[in-house]
Amino acid sequence: MKANIAHTDKQRVVIVGGGLGGLELASKLVDNDFQVVLIDKNNYHQFPPLIYQVASAGLEPSSISFPFRRIFQGKDDFFFRMAKVEAVDASNKMIKTSVGDVHYDYLVLAAGAKTNYFGNKEIEATTLPMKTVGEAMRLRNTILHNLERAETEEDPVRKQALMNIVVVGGGASGVEIAGAVAEMKKNILERDYPDLEASQMHIYLVNAGDRLLAAMDPASSARAERDLKELHVHIRQPQFATEYKDGILKTSAGLEIPAETVVWVSGVCANTIEGLPKESIGHAGRILTDRFCRVKGLQDVYAIGDQSLIEGDKDYPLGHPQLAQVALQQAKCVAQNLKNQLQGKDEEPFKYKNLGVMATIGRNHAVAEINGKKFGGFPAWLLWLVVHLRSILGVKNKTFILLNWIWNYLNYKQSLRLILKAK
């Protein structure tokens, strides 16, 4: 099998992963003196910050996804291949994929991260992750299906387990999905499921740390906790999930929660690729690089985004946070340095500029830290909406999302709560 990529006199840059970093890099290089080859296991780009809204039936999957071939339609010397990357063969400057070998002049690894279960195979097999659009759809189906089952369940114990939802993880993803489901309980449950008592639906947020949103200021954490409690989310911290078996989630504090829906968003680890030297693999599987994003021990191989860990940055000795802004800025840095190499110019080291962090809790509730200023409530929520809407690809998607948000804000009468399952 061959990847069927045309030969050219241009330098070939192969990008593994079409997430925020990989897509940004491809966009910066595609109209320059490079042949760009983008490889991803999906044929679309997905926008991670809004995946939780798909899971809570707030947005359709197509609103936050965009086909790679449409993005780069009509671009010369750009090739997309939907494939799984199996290994890197650095000695021959090629990668092995499910559609054949692909040679490179420069290789950029931007395959992102996956859910981290910390070695607990039982929890991995029984809980629901929320890292991709596909996983969000599965979670949406599970929540809606369990509510349908609860309406006809006569056993009160079983009925309670069907209505309970547990979110494990107190980071931004955990806070956002807990808030979104709590909003669903508050505004939708009684209307869509009149035979269920909304007060019987309990949402638990289990956090191993001492406070929510540990990456943010304690004041922001306290505000997020207060907002979630106003939405009647039961926060259990500091305690971590130890076991989920027979529909019972157990925690380190001895708590036992009967629940048919357990969402696991308790951290991530880097996606692994075979063939990299052992000395280039660091904490949580992240690929070690120098200040120029070049992979340790290899030549002409770079790593960016959640998959990488830059060594030697005094401000971030344990690596940069696995955030969208880091991936985007690293992509721009690598793109500029590749152009500099062609022009015989010096390369510039990567320097992260923290543009701020935000997390949304629910309607009119969010927390934000921008340029040293900390604020919350409606202003933070509105800013969160604007920032994420600007980042969505395609005018059509921006329009659909904006209309969805406006309609949802006014009356919550959406028609998105469909249980769609492929046989």
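The values are calculated or read from the model by the stated rules, or taken from the named source; none is laboratory data. All values derive from a computational prediction rather than experimental measurement. Glycine gets a Cβ as well: all are built from the backbone with ideal geometry, and neighbour counts include every protein chain shown. When the accessible area is computed, the model is the full protein with side chains, heavy atoms only, and any ligands, DNA or RNA have been set aside. Shrake-Rupley method; radii C 1.70, N 1.55, O 1.52, S 1.80 Å.
Farthest towards the positive end of the charge dipole of the chain, among the residues Leu383, Gly372, Gly319, is the Cα of Leu383, using unit charges on the Cβ of Lys, Arg, Asp and Glu. For the chain, the equivalent ellipsoid derived from the Cα gyration tensor has semi-axes of 39, 22, 22 Å, listed largest first. A cut-off under 12 angstrom between Cβ atoms defines the neighbours of Leu249, and their net charge, with Lys, Arg +1 and Asp, Glu -1, is -2. Ranking Leu403, Leu309, Leu255 by solvent-accessible area of protein heavy atoms (1.4 Å probe, all protein chains present), from largest to smallest, gives Leu403, Leu255, Leu309.
A simple count of charges around Asn32, restricted to other residues whose Cβ falls under 10 Å of its Cβ and scoring Lys, Arg +1 and Asp, Glu -1, yields 0. Computed over the range 222-325, the quotient of the alpha carbon radius of gyration and 2.2 N^0.38 Å is 1.49. Within the full protein context, the accessible area of Glu135 is estimated at about 60 Å² for a probe radius of 1.4 Å. A Förster distance of 56 Å, applied to the separation of the beta-carbon atoms of Asn32 and Asp155, puts the FRET efficiency at 0.30. Classify the range 51-181 from the C-alpha gyration tensor, please: rounded if a/c falls under 1.5, else prolate or oblate depending on whether a/b exceeds b/c. Prolate, since a/c reaches 1.5 and a/b exceeds b/c. Residues of the range 365-405 with amide nitrogen under 12 Å from the 7 Å Cα-to-Cβ point of Asn187? Once the point is set 7 Å along Cα→Cβ of Asn187, 365, 404-405 turn out to lie under 12 Å by backbone N, inside the range 365-405.
Cα-Cα over 32 Å: which of Lys114/Lys332; Lys250/Lys353; Lys114/Lys229; Lys10/Lys131; Lys121/Lys353? List each step's numbers first, then the result.
Numbers: Lys114/Lys332 23 Å; Lys250/Lys353 40 Å; Lys114/Lys229 29 Å; Lys10/Lys131 36 Å; Lys121/Lys353 37 Å.
Going by Cα-Cα distance, Lys250/Lys353; Lys10/Lys131; Lys121/Lys353 fall outside the 32 Å limit.
Note down the magnitude of the dipole of the range 225-284 about its Cα centre, charges +1 on Lys and Arg C-beta and -1 on Asp and Glu C-beta and zero elsewhere, to the nearest 20 debye.
Taking the Cα centre of the range 225-284 as origin, the dipole is about 140 debye.
Here the chain is treated with +1 on each Lys and Arg Cβ and -1 on each Asp and Glu Cβ, and its dipole about the Cα centre works out to around 720 debye. At an R0 of 45 angstrom, the distance between the Cβ atoms of Leu389 and Lys84 translates into a FRET efficiency of 0.90. Note on the range 119-265: percent of Cα-Cα distances in each 10 Å bin, starting at 0 and stopping at the bin with the largest distance, equals 11, 43, 36, 9, 0. Accessible surface calculations at 1.4 Å, restricted to protein heavy atoms, place the range 119-265 at 43 Å² per residue.
When the Cα gyration tensor is reduced to axis lengths a ≥ b ≥ c, the ratio a/c is 1.5 or higher for the range 179-267, and with a/b not above b/c it is classed as oblate. For the range 134-188 versus the range 369-390, the inter-centroid distance based on Cα atoms is 27 Å.
The Val99 and Glu230 beta-carbon pair, evaluated with R₀ = 51 Å, returns a calculated FRET efficiency of approximately 0.50. Taking the inverse of the mean 1/r over every pair of distinct Cα atoms in the range 186-227 gives a Kirkwood hydrodynamic radius of 12.7 Å.
Suppose every K and R has +1 on its Cβ and every D and E has -1 on its Cβ; what is the size of the dipole of the range 321-377 about the Cα centre, in Debye to the nearest 20? Numbers along the way, then the final one.
Values: 8 positive and 4 negative charges, 46 e Å.
Dipole size: approximately 220 debye.
Using 0.36 nm per residue and subtracting the Cα-Cα separation, the extra length available between Leu382 and Arg291 on full extension is 29.2 nm.
Using a probe of 1.4 Å on the protein chains alone, the accessible area found for Asp210 is around 130 Å². Each of Val13, Met94, Gln53 was placed along the dipole of the range 1-98 (beta-carbon charges, centred on the mean Cα), and the one lying farthest toward the positive end is Met94.
Using 0.36 nm per residue of separation minus the Cα-Cα distance, give me the extension gain between Lys10 and Ser91 in nm, one decimal.
On the way: separation 81, 0.36 × 81 = 29.16 nm, distance 2.06 nm.
The span from Lys10 to Ser91 would gain 27.1 nm if fully extended.
Other residues within the sphere of radius under 14 Å centred on the Cβ of Phe118, judged by their own Cβ, net out at -1 (K and R +1, D and E -1).
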